Amino acid sequence: MTLTSTQTILIICIVTLGTMITRFLPFILFKGNKSNNTYIKYLGQVLPYATIGLLVVYCLRNVNFKTPSYGFPEAIAIVCIIILHYWKENTLLSIGAGTVIYMILVQFVFV
Amino acid sequence: MKEKIMALKVAFPYTIPVLTGFTFLGIAYGILMSSKGYGAGWTVLMSLMVFAGSAQYITINFLTTIFNPINAFLITLMINARHLFYGISMLDKYNDSGKLKPYLIFGLCDETFSIVCSTEAPKDVDKDWFYFFITLLNHAYWVLGSFLGAWLGSKISFNTKGLDFVLTALFVVIFIGQWKNKENRKPAIVGVVCSIICLIIFGQDNFIIPSMAAILIVLTIWRKEFIKKDILTKEGIQ
C-alpha cells in the first residue's frame, strides 16, 4: 500500500462519488418535466441501441490489428456468435460457445 | 414475499452470463488488488461501493501513486460518462420504481444496463422487483468474485486468458437481438459507426466522450429519420 488508510478511503469515496454522479445525473436532471419533453423521450427511445453499439466497440477497443493475431480471434469468435445466435437463438449457448472459441483461439492458436 | 421470490426466479437466468463474467473479472480484480497490497476487506469495500469494473481497475493506479483525489475524480467522471446514456435510456422504465429506484440507479453498470434495457419483465412478474433482482444479483456476483480473487491472491494457476471475452459476447448477443428488429437498426448503426470513427481519431483511451458527443449530434440532426412511426402518431412530433 502506497497510500495511508485514510487516503485510500478518501480515494474510494471520490471514485464512488464520480461514478454515482454519472449514474444519477440523468434522473435528477429530467425529473418530473421529462414526460412532456419529447426530445428527451426520443433520446430514451434511440439511445439504448446506439449505446449497445458503443459498448461493443468499447469492449473491442484494445484489439490491435498490427500484432500477429490481427484481431482474428475477436473476429472469428464474433462471427461464430452471430451464426449461432441466428441459428439457435439461445443466448447462453451463443455467449458460452463464443467465449470458449475465443479462449481456445488466444490460448492455443494465436499465441 | 411470494412475488419477490417469483421475480428473483425469473430474473436469475438473465444474469447467468454476468455471473460467469463477473466471477472471473472479479477474481482477476481481487488478485490484482492483493498484488498491490490491498486485502479482501479493501477489495470488497471497493466492489460494494463503486460497482464499476473499468473505474475500479483504473483506481488501482490512483492507489499506487501519489495521493491525487482531484485527478481520480476527473478520470472517474470521464471513464463513466457513458452511464449518462444509460440513465437517459432508463428514465421511462425506472420512472415509477418508488423505493427501489435509488438502488436501481446505483447499480446501473454496463452489464446491468445491457440486460435491463433489452429485457421486458414477463407479465405476471412485478417489473420493479424483476429489475431489482437483476441489479442485486449482478452486484453480488461482482462483490463475491472480487472477494474470491483477493482471497486466492496469487495462488491461482489455471489459464483464464480470454475469459473476459464473455462480457464482449454478452454485448454482441444483445446487439444481435436488437438488430433483429428493423426499427432499431439505424440508431445501432449510428452507435457503432460513430464509436469506430472516434476510436480511430482519438485512440482507445480517449474515444468514449467524443463518441457520445458524435452519437448525440447525429441522432439529434437526423431525428426525424429515427423517430419510430408509432411515437410520431402518439406524440404528434413533427
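The values are calculated or read from the model by the stated rules, or taken from the named source; none is laboratory data. It should be emphasised that the depicted structure is a prediction, and the values quoted were computed from it without experimental measurement. Every residue, glycine as well, gets a Cβ built from its backbone with ideal geometry; the counts of neighbours run over all protein chains shown. These accessible areas exclude ligands, DNA and RNA; they are computed on the full protein's heavy atoms, side chains included. Shrake-Rupley method; radii C 1.70, N 1.55, O 1.52, S 1.80 Å.
Quick notes on this structure:
- A:Glu89 falls short on exactly one of the conditions (1) of a type outside the set (Val, Ile, Thr); (2) open to solvent by 10 Å² or more (accessible area, probe 1.4 Å); (3) outside the structural domain of A:Val111 (by TED's automatic domain parsing), and that condition is (3).
- Restricting attention to the stretch B:85-102 and to residues that are open to solvent by 50 Å² or more (accessible area, probe 1.4 Å) and part of a helix (DSSP H, G or I), the residue that is nearest to the other protein chains (Cβ to nearest Cβ) turns out to be B:Pro102.
- Filter result for B:Val143 (among the β-branched types (Val, Ile, Thr) and at pLDDT 95 or above): yes
- Close pairs (6 angstrom Cβ cut-off, 6 or more residues apart or separate chains): assigned by TED's automatic domain parsing to the domain that holds A:Gly44 in the stretch A:14-31, outside any helix (DSSP H, G or I) and open to solvent by less than 60 Å² (accessible area, probe 1.4 Å) anywhere: A:Val15/B:Val50; A:Thr16/B:Val50; A:Thr19/B:Val50; A:Thr19/B:Ala52; A:Arg23/B:Leu108; A:Phe30/B:Leu91
- Residue among B:Ser34, B:Ser97, B:Ser47, B:Ser54 that is in contact (Cβ under 8 Å) with a residue 24 or more places away in the chain and under 30 Å from B:Ala214 (Cβ atoms): B:Ser54
- Beta carbons closer than 8 Å, at least 6 apart along the sequence or on distinct chains, pair a first residue in the stretch A:85-101 that is within 9 Å of chain B (Cβ to nearest Cβ) with a second that is of a type in the set (Lys, Arg) for A:Ser94/A:Lys88.
- Any hit, the stretch B:26-36, residues being under 17 Å from B:Phe171 (Cα atoms), crowded, with 16+ Cβ neighbours inside 10 Å and away from every other protein chain (no Cβ under 11 Å): no
- For the stretch B:181-226, taking the residues that are aromatic (Phe, Trp, Tyr) and part of a helix (DSSP H, G or I), the one that is farthest from the other protein chains (Cβ to nearest Cβ) is identified as B:Phe202.
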